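These notes concern the structure reproduced below.
The values are calculated or read from the model by the stated rules, or taken from the named source; none is laboratory data. Keep in mind that what you see is a predicted model, and the values were worked out from it rather than measured. When we count neighbours, we look across all protein chains shown, and the Cβ atoms used for this are built from the backbone with ideal geometry, even at glycine.
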Amino acid sequence: MTLSRILAALCSGLAIAQSAQAAFHLWEVRELYTNLDGTVQFIELFTTSGSQEFTGGTQIRVTNQAGSQTHDFIIPSNLPSDSANRAFLLATSNLPSLGGPTPDFVIPPNFLFINGGTVEYQGTIQGPEVYTALPTNGTLSRVIPGNTNQLNSPQNFAGQTGTLIPEPTTWAILGLGGLVVCGILRRRAE
């Protein structure tokens, strides 16, 4: 009888130790994206570690540069399977219509502060990441850490990737801006 109690206690201890390792705290913010008006945005997180799929009830917080405004998003559920070497994607619902993958979780438009701030997956080892003004040309995203720009490359938990193609209004605004600059330079040359 005593031996069976000892074995039961050992099994319980091992189960508790394994469940204590399963968490969400090893995810890191990897990429931020917004379009010109903030209606298309994404936050991509990545981890090399396994057993980090327990995301339900955790929170992403974005704070503006002045520290006077915050946007919070509580992740509604866990991820579907083990997390080793995977990304997960929080994005506006319209991301797939522009060439991006289906988001794992949907955030509202204008969730990220375009002019910069901090982003934090609360409770993770990364802590708040400061980011400067995000590129808004529709093709570039911000890589975290490092605050460098690259061609956007969102990836969801299923491993689907894509590159967003700017909507026609963004191209029109960029084209109009280019024409204005050319006109100014031409006048100066005369």
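Data table
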{"read-out": "Residue list for segment 112-165, restricted to those being closer than 17 Å to Gln65 by Cβ and among the aromatic types (Phe, Trp, Tyr)", "value": "Phe113, Tyr131"}
{"read-out": "Among (1) outside any loop (DSSP other than H, G, I, E, B); (2) surrounded by fewer than 16 Cβ atoms within 10 Å (Cβ to Cβ); (3) of a type in the set (D, E, K, R) - the single one Glu44 does not satisfy", "value": "(2)"}
{"read-out": "Test: residue in segment 13-22 that is of a type outside the set (Ser, Thr, Tyr), modelled with pLDDT under 95 and touching a Ser or Thr at 6+ places or on another chain (Cβ under 8 Å)", "value": "yes"}
{"read-out": "Qualifying residue in segment 103-116 (condition: modelled with pLDDT of 95 or more, assigned to a helix (DSSP H, G or I) and within 19 Å of Val29 (Cα to Cα))", "value": "no"}
{"read-out": "Qualifying residues in segment 97-111 (those that are without any contact (Cβ under 8 Å) to a residue 60 or more places away in the chain and more than 20 Å from Thr58 (Cα to Cα)) - the one surrounded by the most Cβ atoms within 10 Å (Cβ to Cβ)", "value": "Thr102"}
{"read-out": "Residue count, segment 85-102 (criterion: of a type in the set (Val, Ile, Thr), more than 15 Å from Glu31 (Cα to Cα) and touching a strand residue (DSSP E or B) at 6+ places or on another chain (Cβ under 7 Å))", "value": "0"}
